[in-house]
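**Student:** My questions all concern the structure below.
The values are calculated or read from the model by the stated rules, or taken from the named source; none is laboratory data. Values in this document were obtained by computation on a predicted structure and should not be read as measured data. Neighbour counts are summed over all protein chains in view; Cβ atoms, including those assigned to glycine, are modelled from backbone coordinates with ideal geometry.
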Amino acid sequence: MTTAADVLARCAELDRCSASPHHLERVHLTPEHAAANRLAAGWMAEAGLRTWQDAAGNQWGRREAGTPDRPDPGRPALVLGSHLDTVPDAGSYDGMLGVVMAIAVAERLRGTELPFALEVVGFGDEEGARFGKALLGSSAVAGSWDPAWEDLRDRAGVSLRQAFLDAGLDAARVGEAARRPEDLVGYLEAHIEQGPHLEAADRSLGYVTTIAGARRFLLSVVGEARHAGGTPYPRRRDALVGAGEAVVAVERLARDGGCLATVGRLEVWPGAVNVIPGRAELTLDLRAATDAERDAMWDRMHAEIAAICGRRGLTLEVVETHRAPAAPCAAWLQQAVVDGIRSTDDHGADDPLALWSPAGHDAMALAAVTDVGMLFLRCADGISHSPDEDVRAIDVARGLDALQAAVLRVAAVVAARA
Ligand code: HGY
Ligand code: MN
Ligand code: MN
C-alpha cells in the first residue's frame, strides 16, 4: 500500500524535473513538464491505471468501474488530481502533492469494486506562469478553451501555439481534451492550504466550501525617458515613481476593502542608473471572497491608478491577462470530504474545519463541467509558492486516508442512485 513516505519521496523525485538545477521551475509544455508527465504516468501504470496524455498536455490514468477481474467499462469517471506545473522557485507540494496522493489512492483502491471509473489527472498548467493565462490544462478539459490564447507569448516570445508544436502537440486539436459532463461523476482535489488556518487550528485537514475567483492584469505606466541629471522635476514624467505610487495604492485599497491584491512583478525601461524610467510594467493579481467584491475593487483600483498617472502626466495601459469566476464546491462532495476527514484521527475530526480558498485551483475550471470538492492539508507556516513549502508526513497520511474514504463515500452515493 502506498504510504505517506512514498508520496513525499515521489514529490521529491518530481523536483528533479526542473528548468534549473538550482531551484524548482516547471512550466507548461517544456521538456521538464514532459519529464514530470512521464514520471507520473509510470506511477499511474504501477497503480494499475491505463495512461495517456491528452491533446492539451495533461497526464491521465484510468481504471474501469467494477473490479479488475470483472470490469464494467465505459462508465462515467470520478476524477482525482491536481497540477504538475509550478511557479518559478517553487515548493515541492503545490499541485504535485495532490497528483501523487491521487495516484496513491487509486493504488489503494485497485482491487475495490467501484460503481464508476476512477481517473487520475496531472494538469499541465494551473499557475499560468509561462503564458500569463492560468488554468490552461483544466480549461481545455472543461471545454472552456479560447483559441485566442494560442497567440499568447512567453517571455522569450514563443507563442502557445508554437509551444504545443514543440511538445509534439497540435493546438488545433486541443478540443479533443474536452470531457462531456455525462462522462464525469465529479472531481476531487487534495491540495495544501497555502494559508495559516489549519496550522492555527492544529489540524491536519480541512474541507473547501468555495474557491475565490482571481483576475490578473498587466499594467503599463508610460512616461518619458530623460537624463537623470539634466531634467528638473517639473519636466519629469517618471514612470517608475508613478508605478510605485500605484503599488502602494493597490495595497491600501485591498487591505481596507477586504480583498487580496498583489503586484508580483515590476519591470522598468530602460533600466539604467542615469536615465529617468520612461516605462514601467507591473502585474496585478486581485482576489476576493466573491466576484462582485473583486470586480468592484478593480473598478476602484483602476480609477485610482488612472488618477495617479493623470497627476503625473503619465499614461496607463491595461491588459487583463486572466479571469476565473469563483467556484463553489458541490454540497455532496463537500460532505464526502467531511466524511473522509471524520474517518481519520485528526484533531477535531468529528467537526471538520470549513475553509474558503483564496488560492486558485484547477477545481475552479472543472466546476464548469462537473461537480467539484477539495481536501486541504496543513502546510508549514502557511507557506507556499516558495522553496520553504513543507508538509508533515502525519498530515499526508491522514490526507490519504481521508481522500480514500471520500472516494468510497462518493461510491456509496453513486451506487444508491443506481
Ligand atoms: O495563484 C494561485 O492562487 C494558484 O496557486 N495558482
Ligand atoms: Mn500555486
Ligand atoms: Mn496549486
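**Student:** Tell me which of these G382 doesn't satisfy, since it passes every other one: (1) within 16 Å of ligand 3 (Cβ to nearest atom); (2) touching a Phe, Trp or Tyr at 6+ places or on another chain (Cβ under 8 Å); (3) farther than 27 Å from S139 by Cβ.
**Tutor:** Condition not satisfied by G382: (2).
**Student:** I'm told H197 meets every condition in (1) within 23 Å of the chain's Cα centre (by Cα); (2) at pLDDT 95 or above; (3) within 26 Å of H33 (Cβ to Cβ) except one. Can you identify the failing condition by its number?
**Tutor:** (3)
**Student:** Only one of these conditions is not met by A368: (1) more than 25 Å from P76 (Cβ to Cβ); (2) more than 16 Å from ligand 1 (Cβ to nearest atom). Which number is it?
**Tutor:** Condition (1) is where A368 drops out.
**Student:** Name every residue in segment 10-19 that is surrounded by 12 or more Cβ atoms within 10 Å (Cβ to Cβ) and in a helix (DSSP H, G or I), in order of residue number. Working first, answer last.
**Tutor:** Let us first name the residues in segment 10-19 that are surrounded by 12 or more Cβ atoms within 10 Å (Cβ to Cβ), namely 10-11, 13-19.
Within segment 10-19, R10, C11, E13, L14 meet the criteria.
**Student:** With the condition being assigned by TED's automatic domain parsing to the domain that holds A243 and in contact (Cβ under 8 Å) with a residue 40 or more places away in the chain, I'd like the strands (runs of 3 or more DSSP E) fully within segment 312-418 carrying at least 3 qualifying residues. Walk me through it before giving the result.
**Tutor:** Values: elements: 315-323, 353-357, 372-377.
Per the criteria, 315-323.
**Student:** I'd like to verify a number: residues in segment 363-407 that are more than 22 Å from R203 (Cβ to Cβ) and among the hydrophobic types (A, V, I, L, M, F, W, C), how many?
**Tutor:** Qualifying residue count for the region: 6.
**Student:** With at negative phi and modelled with pLDDT under 95 as the only criterion, which of G230, G223, G213 stands out?
**Tutor:** Being at negative phi and modelled with pLDDT under 95 holds for just one of G230, G223, G213, which is G213.
**Student:** Separate question: Find the residue count for segment 351-375, including only residues that are more than 21 Å from D183 (Cβ to Cβ), away from ligand 3 (no atom under 11 Å from the Cβ) and buried (at least 24 other Cβ atoms within 10 Å of the Cβ).
**Tutor:** 1
**Student:** Yes or no: H22 part of a loop (DSSP other than H, G, I, E, B) and free of Cβ contacts under 8 Å to residues at least 40 places away in the same chain?
**Tutor:** yes
**Student:** Continuing with the same structure: Of (1) within 16 Å of ligand 1 (Cβ to nearest atom); (2) buried (at least 20 other Cβ atoms within 10 Å of the Cβ), D388 satisfies all except one. Which?
**Tutor:** Result: D388 fails condition (2) only.
**Student:** Is it fair to say V27 is more than 17 Å from L8 (Cβ to Cβ), crowded, with 19+ Cβ neighbours inside 10 Å and within 14 Å of ligand 3 (Cβ to nearest atom)?
**Tutor:** When the stated conditions are applied, V27 passes them.
**Student:** Mind checking which residues of segment 258-295 are among the basic types (K, R) and under 25 Å from S386 (Cβ atoms)?
**Tutor:** R265, R287, R294
**Student:** For segment 40-53, which residues satisfy the criterion of being out of contact with any Pro (no Cβ under 9 Å at 6 or more places or on another chain) and either on the phi > 0 side of the Ramachandran plot or surrounded by fewer than 21 Cβ atoms within 10 Å (Cβ to Cβ) (or both)?
**Tutor:** If the condition is that a residue be out of contact with any Pro (no Cβ under 9 Å at 6 or more places or on another chain) and either on the phi > 0 side of the Ramachandran plot or surrounded by fewer than 21 Cβ atoms within 10 Å (Cβ to Cβ) (or both), then A41, G42, A45, E46, R50, T51, W52, Q53 are the ones that fit.
**Student:** Turning to a different aspect of this structure: Taking segment 274-294 only, how many residues are free of Cβ contacts under 8 Å to residues at least 60 places away in the same chain and either over 24 Å from the mean Cα position of the chain (by Cα) or within 13 Å of ligand 1 (Cβ to nearest atom) (or both)?
**Tutor:** 6
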